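A short reminder: the numbers here are calculations on the coordinates, not readings from a lab. Everything quoted here is computed from the prediction, not taken from an experiment. Cβ placement follows ideal geometry from the backbone for every residue including glycine, while neighbour counts extend to all protein chains displayed.
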Amino acid sequence: MSIINNINKVFDHRIRLGIMSVLMVNEYADFNTLKELLGATDGNLASHTKALEKAEYITVEKQFIGRKPNTRYSTTTLGKVEFKKHINALEKLINKQ
Amino acid sequence: MHIINYLFYFVFQSTLIMSNEDYLKDISEIKNLMNKSSRFISLSGLSGILAGVYAIIGAAIAYYVVTNSQRGYLILDGNIFKICIGILFLVALLSIVTGIYLTTKKAKKNGENFWDNSSKRLIINFLIPLVTGGIYILLILGQQKYGQTGALMLIFYGLALVNASKYSIGDIRYLGFTEIILGLICTLYPGYGFWLWILGFGVMHIVYGSIMHFKYDRK
């Protein structure tokens, strides 16, 4: 039962897992980098980043590079902890079989 | 009743297996993304082989020039030394140009950008030990201490590779260790500097370049 509990509903989507994976190994990633890596559309990526932001797993930083707006994402400590728990739970589920 | 039980069991089992496969797919995609977003994997093995060949040809020319000079050995001031430095720079330049060309080609094939965050990080981390070593060698050459040049080149180049390997294919880490070990041996036996240099920059590039070529390029 405890294993099932650690499966985090917030991460239960391919794009969200992808966002977290990239942010776990990078200090930050901007919107376009994420879009390219995940092969997601603008709207799709925006809605998933918003969900992760709402859960306080990632932080968003908006700034201008020259005249272009640039959105940077990075993980919070909470996000990192929760993501690790989620991965461990996934691995346990797989190993159980 | 028995049949319904059996059916229920079957359906339950198959959904469990289904989701299990999904989880496996998730995990492998997570690993893939972590690698792709933090490592530059399009380094060309072939460019390593060619760099090794250039180094051996360069060393052979330098050897020929030095042994056919009036003295038969190398001194720090004089034209022969300048020719040797010239050959060294030419070898380095050719290796870099070949490396950039072949890596760009491979990156295109992999759908990776040659100049993105991961390659920038790779180059910066490669250059920190390498430039430090280069400046250090030039400074002590200026003080007429040239006995350890070969050893220092091998050691700093090895450190640069080990440092860069965190941002690229893991194999170059072992090439780095090999170069460091050769450099340390070279420190003990400076008389064999020339041959250890050929071993490190020539033969080892060809060996590791071939390993990388057959492991990654031919896919």
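With contacts taken as Cα pairs under 8 Å and at least 6 residues apart, chain B reaches a relative contact order of 29 percent.
Across the options B:213, B:157, B:67, the greatest Cα extent toward the positive end of the charge dipole of chain B (unit charges at beta carbon of Lys, Arg, Asp, Glu) belongs to B:67.
Ranking of B:197, B:115 by neighbouring Cβ atoms within 10 Å, starting from the fewest: B:115, B:197.
Sorted by average packing, counted as other Cβ atoms within 10 angstrom per residue and highest first, what order do B:150-157, B:91-98 take?
B:150-157, B:91-98
The dipole here belongs to chain B: it is taken about the Cα centre, uses +1 on the Cβ of Lys and Arg and -1 on the Cβ of Asp and Glu, and is about 320 debye. Label reach from residue A:32 (point 7 Å along Cα→C-beta): in segment B:113-128, amide nitrogens under 20 Å belong to B:113-122. Local charge for residue B:112 was computed over the other residues whose Cβ lies under 12 Å away, with Lys and Arg +1 and Asp and Glu -1, and equals +4. Between residue B:174 and residue B:63, the modelled labels are 2.7 nm apart [label points 7 Å from Cα along Cα→Cβ].
The mean number of partner chain beta-carbon atoms within 10 angstrom of a residue's beta-carbon across peptide B:34-42 is 4. Counting only DSSP H runs of at least 4 residues, each contributing -39500 (n - 2.57), and dividing by the residue count of chain B, the helix-based mean residue ellipticity at 222 nm comes to -26500 deg cm²/dmol. When all alpha-carbon pairs of the protein assembly as shown are counted, what percent fall beyond 29 Å? Counting pairs separated by more than 29 Å, the tail of P(r) holds 53 percent. Counting other Cβ atoms within 10 Å as a rough exposure proxy, the listed residues B:218, A:16, B:121 run B:218, B:121, A:16 from fewest neighbours to most.
Once you've got the Cα coordinates, tell me which of A:9/A:62; A:80/B:36; B:82/B:166 are over 30 Å apart.
Listed pairs above 30 Å: B:82/B:166.
Taking 0.36 nm per residue of sequence separation and removing the Cα-Cα distance, the residue A:78/residue A:92 pair yields an extension gain of 2.9 nm. Taking a straight line from the alpha carbon of residue B:106, these aspartates and glutamates sit under 15 Å away, with near neighbours fewer than eight places off in the same chain left out: B:116, B:217. Counted by Cβ distance under 10 Å from residue B:166, the other residues give a net charge of +3, where Lys and Arg count +1 and Asp and Glu count -1.
Most mobile of A:68, A:35, A:80 per a Gaussian network model of chain A (Cα springs, under 10 Å)? So, out of A:68, A:35, A:80, the one fluctuating most is A:68.
Considering only A:48, A:86, A:13, the mean-square fluctuation computed in a Gaussian network model of chain A, springs between alpha carbons under 10 angstrom, is largest for A:13. Evaluated with a Cβ-only charge set (Lys, Arg +1; Asp, Glu -1), segment B:70-186 carries a dipole of roughly 240 debye about its Cα centre, given to the nearest 20. For the protein assembly as shown, a crude dipole built from +1 on the beta carbon of Lys and Arg and -1 on the beta carbon of Asp and Glu, taken about the Cα centre, is about 260 debye to the nearest 20. For the segment A:23-30, counting C-beta atoms of other chains within 10 Å of every residue's C-beta and taking the mean gives 3.
In the protein assembly as shown, taking the dipole from charged Cβ atoms about the Cα centre, the farthest positive-side position among B:37, B:128, B:186 is held by B:37. The mean sequence separation of alpha-carbon pairs under 8 Å and at least six residues apart, normalised by the residue count of segment B:123-210, gives a relative contact order of 30 percent. What chymotrypsin sites (Phe, Trp or Tyr not before Pro) does segment B:39-111 have in DSSP loop regions with at most 16 other beta carbons within 10 Å? Counting only loop positions with at most 16 other Cβ atoms within 10 Å, the chymotrypsin sites (Phe, Trp or Tyr not before Pro) in segment B:39-111 are B:73.
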